[in-house]
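The next block holds one structure in the form of structure tokens; read it before the comments.
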There are 2 protein chains.
Amino acid sequence: MKAIACTERGGIETLKPVTVPKPSDPEGYDVLDYPDYYTRCPDPPHVLGFDGAGTILSTGPSVKDLKPGDDIFYSGSPIRQGSNAQYQLVDSRSVALKPNNLEFVQAAAMPLTYITAYEALVERLAITKGEDAGILIVNGAGGVGSVASQIARWVLELPVVVTTASREETQSFTKQMGATHVVNHREDIVQQIKDLNLKTPIRYVFITSRTEQYLGPAAAVLEPFGKICSIVQTQEFPQYGTEMMAKSLAFMWCLLGTKPYYGVQLESHGEILRELKGFVEEGKVKCHLKQRLGLNYEGLRKAHEGLESGKGIGKVGLSVDLVGERGKAFT
Amino acid sequence: MKAIACTERGGIETLKPVTVPKPSDPEGYDVLDYPDYYTRCPDPPHVLGFDGAGTILSTGPSVKDLKPGDDIFYSGSPIRQGSNAQYQLVDSRSVALKPNNLEFVQAAAMPLTYITAYEALVERLAITKGEDAGILIVNGAGGVGSVASQIARWVLELPVVVTTASREETQSFTKQMGATHVVNHREDIVQQIKDLNLKTPIRYVFITSRTEQYLGPAAAVLEPFGKICSIVQTQEFPQYGTEMMAKSLAFMWCLLGTKPYYGVQLESHGEILRELKGFVEEGKVKCHLKQRLGLNYEGLRKAHEGLESGKGIGKVGLSVDLVGERGKAFT
């Protein structure tokens, strides 16, 4: 199984609006993340799947830094065909060489969650390395949360990384992944954080689950001028009656798709993954793959059911060969 | 008429929760800006009024940089007694010497609007001087909008300052106050800005009126990773169905009261006003006082009626002597 690093650099400029019929019921029109998605997505059928890892089959003439036979890992683009397929055309700028100490299926577990967490913490929240500040990460044992807590603790070296987790298993996992303190999101988060008597103020909140539920508590625990970042779309967005305005707080969305969707900073994802390769090889960031399934209909079905149950820990990876020694892998 | 620079430095630490009865109807409980306002505001009666200018009557022993007889201007604190009074106790750190070329009533027109606009553009949106970026300022002819557009154009030297104004009079005023382009907020803002064919991307939006109405258009005109700042509280906060998430946009509240309310960065307002004094004296920033009234019941009534009409231009100032040569003045 091989992946292909494509010749086309970019791609946004080659996209033309396509006439995909909108659902007749305007309420049913999916504006979840991108309001104009159906004018930009590929002609049907649209292959799903973001993350991938594999071996380059061929490259275009303008690709200089990668060659056939290279093992790579990457996240995808919302407006290209996805990774739930045997072969895939990917933008060479968005890939990096696979970390030497990871199997394909492990490597494929990392790009989407790592890039998302990196963009949230480093680019959107603009946390400075070694800053004397605390962060609250909602759902510390989830796919993005368990990478975000590693970045916060070991890359950005924050002294206080509070995560939320409710079960013994997830609490233990989030501590392995960098949490300095864990609070239970099934109980009163604000009171639990008050009871921690932290010397370091909470300056950042990263929401990876149920934005509408955590905005109020985030506003209550943040210091004045603090920042909240979320990756989860919501129809309810409570501000009124919270400390959001009183404390002059900032809220920022983080969506991995923004750069490929609008064709901006297209070198960025490759750069972030090249740095990740180094962190993984030196042991600073750990792979959070927790379950392996076959890359087939049965595996995809099981993986989606697991995600929908809301009880996921870390990442689920799918591989053409379950031992993952060679071949293509997805998460 | 004299103003007093007080001995107490700070004040937040001397505040004790007071038991002001809440309105019996929970829906009537005013959580407009500060959810816990009634535990922090002064014992009744609470004198209203923010901005002021006047002459120092006496200072406390720890005040070193100001002395009786100094003419000063300042904004107030939401948890101290206000400026609609003959004498006022103010935190010496929050005041600056009055610009030499302004009368009291003119000087009193500036602190609240200037500090708000400065904090919004420089601290919250973090605009860099000389940046190749555009800003959209909603309600360019209003009190805060007409100072913000001056800061954007003449202090931060942005090449594109688009403001909104609907009447001939307000459109003319906002151009004097720094707007490079004016669009009519009674028509389609997004289309009008598209039609301007700007070479410089809109990276910032500053909302000084009807937040709920301008979030969607702001998201549509901003470049990816752009920022929105608002100073106007709202119960509706549309995000879903807009480009807010797709573009990974940031939204930040700006409230002048945050620093005095929470007792943080208490030197800041004085510093901002000292810089403003220089800008006003060199003619870089113009006073936007548009109407003078007497500082009495009749004047206060007229001033509030004017504000409530929604047709205000610039600022209304109240003065003990209408010529404003000497004495205390409020806006």
Fewest-first sequence of B:Y34, A:Y87, B:Y74 by Cβ atoms within 10 Å of each Cβ: A:Y87, B:Y34, B:Y74
Candidates A:A220, A:A246, A:A126: whichever shows maximal mean-square fluctuation once chain A is modelled as a Gaussian network with Cα springs under 10 Å: A:A246
Distance in Å, no decimals, from the C-alpha centre of the stretch B:261-324 to the one of the stretch B:180-207 is 28
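Counting other C-beta atoms within 10 Å, which of B:V190, A:V63, A:V280, A:V183 has the fewest, and how do the rest follow? It would help to have the intermediate numbers written out before the result.
Values: B:V190 14, A:V63 19, A:V280 22, A:V183 26.
Fewest-to-most ranking of B:V190, A:V63, A:V280, A:V183: B:V190, A:V63, A:V280, A:V183.
Relative contact order of chain A, please, whole-number percent, based on alpha carbon pairs below 8 angstrom and at least 6 residues apart. Write out the running numbers ahead of the final one.
On the way: 717 pairs, mean separation 68.8, N = 331.
Here the relative contact order equals 21 percent.
For B:252-264, what's the mean count of beta carbons from other chains sitting within 10 Å of each residue's beta carbon?
Numbers: counts 8, 12, 4, 7, 1, 3, 8, 3, 0, 4, 7, 1, 4.
Rounded to a whole number, the mean comes out at 5.
Give me a single rounded figure for B:232-239: the average over its residues of other chain Cβ atoms within 10 Å of their Cβ.
5
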Any residue on another chain or 5+ positions along whose placed amide H is under 5 Å from the amide H of B:L222 is listed here as none
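Considering only DSSP states other than H, G, I, E and B, which trypsin sites (Lys or Arg not before Pro) in the stretch A:78-165 qualify as loop sites with at most 15 other Cβ atoms within 10 Å?
Counting only loop positions with at most 15 other Cβ atoms within 10 Å, the trypsin sites (Lys or Arg not before Pro) in the stretch A:78-165 are A:K129.
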Please give the FRET efficiency for A:S58 paired with A:L307, using the beta carbon to beta carbon distance and R0 = 30 Å, rounded to the nearest 0.05. 0.35
Taking the label point as lying 7 angstrom from Cα along the Cα-to-Cβ axis, what are the distances from A:R210 to the corresponding position in the remaining copies, in ascending order and in nanometres? 3.6
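Summing Lys, Arg as +1 and Asp, Glu as -1, what charge do residues with Cβ under 12 Å from the Cβ of B:E169 carry, B:E169 excluded?
Numbers: positive: B:R167, B:K175, B:K290, B:K311; negative: B:E168.
Summing Lys and Arg as +1 and Asp and Glu as -1 gives +3.
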Could you give, in nm with one decimal, how far A:D195 is from each other copy of that position, shortest first, with labels 7 Å out from Cα toward Cβ? 6.1
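Give the percent of DSSP beta bridges with both residues in chain B that are antiparallel, rounded to the nearest 5. Intermediate values should be presented prior to the final figure.
Numbers: 10 of 41 bridges.
Restricted to chain B, the bridges split so that about 25 percent are antiparallel.
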Give me the one-decimal nm value for the distance between modelled label points at B:K129 and B:L198, 7 Å along each residue's Cα-to-Cβ direction. 2.2
Can you give the angle from 0 to 90° between the axis of helix B:211-221 and the longest principal axis of chain B, with both taken from C-alpha atoms, to the nearest 10? 40
Residue-averaged beta-carbon neighbours from other chains (10 angstrom radius) around A:223-230: 4
Can you compute the label reach from A:R210? Point 7 Å from Cα along the Cβ direction, backbone N cut-off under 18 Å, restricted to the stretch A:223-239. A:229-239
Residue exposure sequence - B:D51, B:D33, A:D188 - by fewest surrounding Cβ within 10 Å: A:D188, B:D33, B:D51
What nm distance separates the two modelled labels at B:E223 and A:Y240, each placed 7 Å from Cα along Cα→Cβ? 3.5
If exposed means no more than 16 neighbouring beta carbons inside 10 Å and the site is in a DSSP loop, what's the longest run of chain B without any exposed GluC sites (Glu not before Pro)? B:9-130
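Taking the DSSP beta bridges in the protein assembly as shown as the whole, what percent of them are antiparallel, to the nearest 5? Could the numbers behind the result be given before it?
Values: 23 of 83 bridges.
Expressed as a percentage, antiparallel bridges in the protein assembly as shown total about 30.
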Net length gained if the chain between B:V264 and B:Q176 were fully extended (0.36 nm per residue, minus Cα distance): 28.2 nm
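To the nearest 20 Debye, how big is the dipole of the stretch A:112-253 about its Cα centre, given +1 on the beta carbon of each Lys and Arg and -1 on that of each Asp and Glu? Walk me through the numbers on the way to the answer.
Details: 12 positive and 14 negative charges, 29 e Å.
Value, rounded to 20: 140 debye.
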So how far apart, in nm, are the two label points at A:D65 and B:E298 if each is 7 Å from Cα heading toward Cβ? 7.5
Which angle from 0 to 90°, rounded to the nearest 10, does the C-alpha axis of helix B:268-281 make with the longest principal axis of chain B? 80
Treating only the Cβ of Lys, Arg, Asp and Glu as charged (+1, +1, -1, -1), what charge dipole size does the protein assembly as shown show about its Cα centre? Round to the nearest 20 debye. 780
List the trypsin sites (Lys or Arg not before Pro) in the stretch B:250-314 that DSSP assigns to loop (not H, G, I, E or B) and whose Cβ has at most 16 other Cβ atoms within 10 Å. Which are they? B:K284, B:K311
Compute the angle between helix B:297-308 and the longest alpha-carbon principal axis of chain B, please, reported from 0 to 90 degrees and rounded to the nearest 10. 20
Cα lying deepest toward the dipole's positive end in the protein assembly as shown, options A:L158, B:A246, A:P217, charges on Cβ: A:L158
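Each reported figure results from applying straightforward, stated rules to the coordinates on display, with no laboratory input. This one's a predicted model, so the numbers in the text were calculated from it and none came from an experiment. When we count neighbours, we look across all protein chains shown, and the Cβ atoms used for this are built from the backbone with ideal geometry, even at glycine.
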